[in-house]
Amino acid sequence: MRVRGGYVESDWGQVHYLTAGTSGPWVALFHESPLSSRVYQQVLPILGRHARVVAFDTPGYGASDPPPRNGFEIPEYAAVLARAASALGMADVVFGGVHTGASLAIEAAHVFDRGARAVVLSGVALFTPEERADFLANWTPQAPYDVEGGQFAWAVERYRRIWPNLTTDMLQLAVTELMRVVDRYDWGYQAAFRHDPGLPLAALDIPVLLLDAEFDLLADKDPVALELAKQARLVTLPGLPGQPHLRAPAEYAHQIAEFLREVAAR
């Protein structure tokens, strides 16, 4: 199935997206920082057989225009993306996301003006205050930037460290996307670390699928998310060290498609 790209106007300029599928329920997917909708490149044609899927580039990442300045919060990012989804004619949407994208999906479901049916969350950042402070202080050091190419070596080392057992294709994607936004790669990260998704997750009155890799960096937060959400179930993809949408795209898409059928049957 063909994956197509496009742009939609937003309060912060243009938002870029990739899309697949021409019928069925609407699904909006949001990526982790500091990457782009390209992380869903293999998921889209599979899930597009069952739904109309749109994967957005978060403002400031991928090919989307950045916010006017640093310092905006996750609900503000989510509101821009929700209005972009509305401008595309999406309605009764299932919102999904990974890490930062999970927080965006939760908040977008609250503010979307054309109906949210459910959410699919992979790695919800339900940090303790100590964890939050540590991530804010240490996860986004300033990247080198020099004619010797120190920034490239830094990015390669970073992803080899934080994504265990990554493939060559995963490394290429991650480093390429990080280099596109190296001067502002921390903007969305820092917004996600400042944001506590606990209360907005607990306030959702729609079905929640927690779809995670067994050894994801945030997998230990799944029991907390399961307890907070009113209508939640957890599906763990065994053996994966993280990034289920990249490491097991067919199974990731299959689980979402099954969830869409469950939601439609309610």
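Laboratory data are not the source of any read-out in this text; all were calculated from the coordinates shown. Keep in mind it's a predicted model, so treat the numbers as computed, not measured. In this analysis, Cβ positions are derived from the backbone assuming ideal geometry, glycine residues included, and neighbour counts consider all displayed protein chains.
Key figures
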| quantity | calculated |
| --- | --- |
| Flag for Asp57 being touching a helix residue (DSSP H, G or I) at 6+ places or on another chain (Cβ under 6 Å) and either more than 21 Å from Ala253 (Cα to Cα) or in contact (Cβ under 8 Å) with a residue 24 or more places away in the chain (or both) | yes |
| Scan of region 226-258 for residues that are touching a residue at least 12 places away in the same chain (Cβ under 8 Å), assigned to a helix (DSSP H, G or I) and over 16 Å from the mean Cα position of the chain (by Cα), ordered by number | Leu226, Leu228, Ala250, Glu251, His254, Gln255, Ala257 |
| Some residue of region 24-37 being touching a Ser or Thr at 6+ places or on another chain (Cβ under 6 Å), not hydroxyl-bearing (Ser, Thr, Tyr) and not in a loop (DSSP other than H, G, I, E, B) | no |
| The lone exception for Leu126 - which of (1) closer than 26 Å to Val15 by Cα; (2) touching a residue at least 24 places away in the same chain (Cβ under 8 Å); (3) outside any helix (DSSP H, G or I) it fails | (1) |
| Residues of region 80-106 classified as more than 14 Å from the chain's Cα centre (by Cα) and in contact (Cβ under 8 Å) with a residue 40 or more places away in the chain, total | 10 |
| Qualifying helices (runs of 4 or more DSSP H) (wholly inside region 139-202; at least 1 residues being loosely packed, with under 13 Cβ neighbours inside 10 Å) | 150-162, 168-180, 198-202 |
| So Ala118, is it among the hydrophobic types (A, V, I, L, M, F, W, C), surrounded by 12 or more Cβ atoms within 10 Å (Cβ to Cβ), in a strand (DSSP E or B) and touching a residue at least 40 places away in the same chain (Cβ under 8 Å) | yes |
